[in-house]
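Have a look at the structure below, then the notes.
The values are calculated or read from the model by the stated rules, or taken from the named source; none is laboratory data. A quick note: this is a predicted structure, and the numbers were derived from the prediction, not measured. So basically every Cβ, Gly included, is an ideal-geometry build from the backbone, and we count neighbours across all protein chains shown. The accessibility values were calculated without ligands, DNA or RNA, using every heavy atom of the protein model including side chains. Shrake-Rupley method; radii C 1.70, N 1.55, O 1.52, S 1.80 Å.
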Amino acid sequence: MTRILHLSDLHFGFHRAALVEPLLRRINTAQADLVVVTGDLTHRARPAQYRQAADFLRRIGPDWIAVPGNHDLPLFNLPGRIFRPYAGYRAAICRELAPMRRIGAVQVLGVNSADPLAIQRGRLPRRMVDGLLARLAQAPVNIVALHHPLQHRPEVDKALARGAEQALARLEGVGAQIVLSGHLHVWAAGAFLDPVAGRGILQIQAGTALCARPGDLRNEFCLLDIQGAELTIERHVAPMDEPGFRPPEYLHFSRASGAWHPLGHSPDQETEPIPTDPGATETAFRTA
Ligand SMILES: [Fe+2]
Ligand SMILES: [Fe+2]
């Protein structure tokens, strides 16, 4: 079994400070093989915020990789944004903007979907996807990790990343199995699976792990347990009005038939599952 911990949208600088230690405790006791951070590590890419993010990452026990989000590029320093957009990220987080790791049968490929020429919107140029596809076929299970989702539900009022639809079709065509993303601050897993036919790719859209802006309804992260064609997602949620994380809830998916299908929640679930679509306000979508 391979155990991946998916974190996203930490937004250091506008983060829920009281949740940092509980989050680190959960991360460091989860026995994950790899932690994957899908962008927006800082709120405004300021040096002090990068220091906070780097301190946090230094305290993570397992190996980790990260990709940049739109908030990791300087917003107000225009020359910096245009000429050295990733200087702060590279100095504090990682020099590599599209890292990859192989753990047993599972390969995780990072993609840098941030665009220095756009404030929020991402981009997935064809050449970037060409490079991704060239690396992709080398493992039985391929997971792609990027900040901007490849598909949006109708209630999302953000523009989809440029090239997202083409990238999704190409990834599906070559057999990528899972896409991890962030940016929307609203959790969703399996939202784009056809109820009958399933789908070749399972998209897991993370909520925010630490951001404390008014539109954020909760903080959360998840763990993916991958074993053959089976996937269990362990979702850890810390509602804003509660002091820490609740006991996790479990969702099960299978691609034994060749396409992903949801198998539902664990039958022994002790509490009512937190909804996949929490009915987030418009604000929650606008503020990511
Ligand atoms: Fe974002
Ligand atoms: Fe964000």
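Quick look at the values:
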| read-out | value |
| --- | --- |
| Of residues in the range 20-41 being in contact with a strand residue (DSSP E or B) (Cβ under 7 Å, 6 or more places away or on another chain) and within 16 Å of ligand 1 (Cβ to nearest atom), the one nearest to residue 233 (Cα to Cα) | 36 |
| Selection status of residue 159, of a type in the set (A, V, I, L, M, F, W, C), within 16 Å of ligand 1 (Cβ to nearest atom) and in contact with a Gly (Cβ under 8 Å, 6 or more places away or on another chain) | no |
| Residue in the range 5-19 that is more than 12 Å from ligand 1 (Cβ to nearest atom) and of a type in the set (Ser, Thr, Tyr) present | no |
| Residue 198 being at pLDDT below 95, more than 16 Å from ligand 1 (Cβ to nearest atom) and closer than 22 Å to residue 124 by Cβ | no |
| Selected residue [open to solvent by less than 10 Å² (accessible area, probe 1.4 Å), at pLDDT below 95 and away from ligand 1 (no atom under 16 Å from the Cβ)] from 109, 171, 136 | 136 |
| Options 224, 180, 231, 210; residue that is open to solvent by less than 30 Å² (accessible area, probe 1.4 Å), within 16 Å of ligand 2 (Cβ to nearest atom) and under 18 Å from residue 34 (Cα atoms) | 180 |
| Single residue of 47, 74 found to be open to solvent by 70 Å² or more (accessible area, probe 1.4 Å) and touching a helix residue (DSSP H, G or I) at 6+ places or on another chain (Cβ under 7 Å) | 47 |
| Output for the range 18-38, where each listed residue is touching a residue at least 40 places away in the same chain (Cβ under 8 Å) and either out of contact with any Gly (no Cβ under 6 Å at 6 or more places or on another chain) or among the hydrophobic types (A, V, I, L, M, F, W, C) (or both) | 18, 19, 20, 23, 26, 27, 30, 32, 33, 34, 36 |
| Members of the range 235-258 that are open to solvent by 20 Å² or more (accessible area, probe 1.4 Å) and closer than 21 Å to residue 190 by Cβ | 246, 248, 250, 252, 255, 256, 257, 258 |
| Conditions (1) closer than 24 Å to residue 132 by Cα; (2) touching a residue at least 60 places away in the same chain (Cβ under 8 Å); (3) not in a loop (DSSP other than H, G, I, E, B); number of the one not met by residue 219 | (1) |
